[in-house]
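Presented below is the structure to which this report refers.
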Amino acid sequence: MSLALFSFLCFYPQQKSSHDRTEIVGVWRRLGAFYLDFMIVLIGITPLLALPLLIQESSYTGQFVWSFEREFSRSTDSNYILPGVGLAFWFLFYYFYKHPKSGRQTIGQYVLGYKVVSNTDEPSDAEFGVRVFYSYIGLCAGPISLYLALKNPDKAFWWDSATNTKVIRVAVVNQSLQQMPAE
């Protein structure tokens with residue numbers, strides 16, 4: 001199930017949309033989309049990342065269970081937890097990198113009606129990768145990043161200007177109205 005959810009996250013079909021470059025995308029809308037995406041990705045990959053630790057625990061106890069509780073740690077726990085955390089960061093990076101690079105919205109952006117685009121006509125692949133890396137740093141300094149974005153007239157975070165990207169509002173185009181014949 002988890003693998004199916006992650007595949008859906010990467011390849012779900014999107015409706016055609018029109019861009020509104022004049023309307024500002026607010027900070028709270030962007031944070032809401034981020035938290036929605038963050039939760040969806042972690043819900044999708046955490047079961048896969050926890051499986052090696054569950055298998056290792058079953059080799060110690062002799063039976064497989066989907067959850068366990070103990071009041072001590074084993075020296076082998078970090079062999080499974082640290083790579084799992086590293087893979088979780090990689091999956092999150094890939095998710096937030098892949099969508100703008102391919103011109104698509106993440107699920108959170110789709111639900112809340114905006115999209116990340118480049119300010120240049122021909123964006124480089126590194127532009128979106130650096131944007132995700134800078135936004136990780138920005139999250140570590142969350143209150144400062146939030147304050148600076150709220151002070152900014154266009155409500156952009158500092159990593160938008162540092163990577164020459166911006167967010168634009170998106171409206172879904174109703175396909176049935178476009179295909180109606182003119183009278």
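Within the range 97-131, being farther than 15 Å from Val167 by Cα, at pLDDT 90 or above and charged (D, E, K, R) holds for one residue alone: Lys98. Here Tyr94, Tyr134 are screened, and the one residue that is within 24 Å of Leu48 (Cα to Cα), of a type outside the set (A, V, I, L, M, F, W, C) and at pLDDT 90 or above is Tyr94.
The set of residues in the range 142-152 being surrounded by fewer than 20 Cβ atoms within 10 Å (Cβ to Cβ), of a type outside the set (Phe, Trp, Tyr) and modelled with pLDDT of 90 or more consists of Pro143, Ile144, Ser145, Leu146, Leu148, Leu150, Lys151. On the stretch given as the range 64-113, residues that are within 12 Å of the chain's Cα centre (by Cα) and among the small types (Gly, Ala, Ser) total 2.
Screening Arg70 against (1) open to solvent by 70 Å² or more (accessible area, probe 1.4 Å); (2) of a type in the set (Lys, Arg); (3) free of Cβ contacts under 8 Å to residues at least 24 places away in the same chain leaves a single unmet condition, (1). Please work out which residue is least open to solvent (accessible area, probe 1.4 Å), limiting yourself to the range 50-66 and to residues that are more than 19 Å from Pro83 (Cα to Cα) and not small (Gly, Ala, Ser). Within the range 50-66, the match that is least open to solvent (accessible area, probe 1.4 Å) is Val65.
Figure legend. Inter-residue proximity from the range 89-114: first residues surrounded by 21 or more Cβ atoms within 10 Å (Cβ to Cβ), second residues of a type in the set (Gly, Ala, Ser), beta-carbon distance below 6 Å, spacing 6+ or different chains. Indicated pairs: Gly108/Ala33; Gln109/Ala33; Leu112/Gly32; Leu112/Ala33.
The values are calculated or read from the model by the stated rules, or taken from the named source; none is laboratory data. Keep in mind that what you see is a predicted model, and the values were worked out from it rather than measured. Note that each Cβ is placed from the backbone with ideal geometry, even for glycine, and that neighbours are counted across all protein chains shown. Remember, those area values only see protein heavy atoms, side chains included, never the ligands or the DNA or RNA. Shrake-Rupley method; radii C 1.70, N 1.55, O 1.52, S 1.80 Å.
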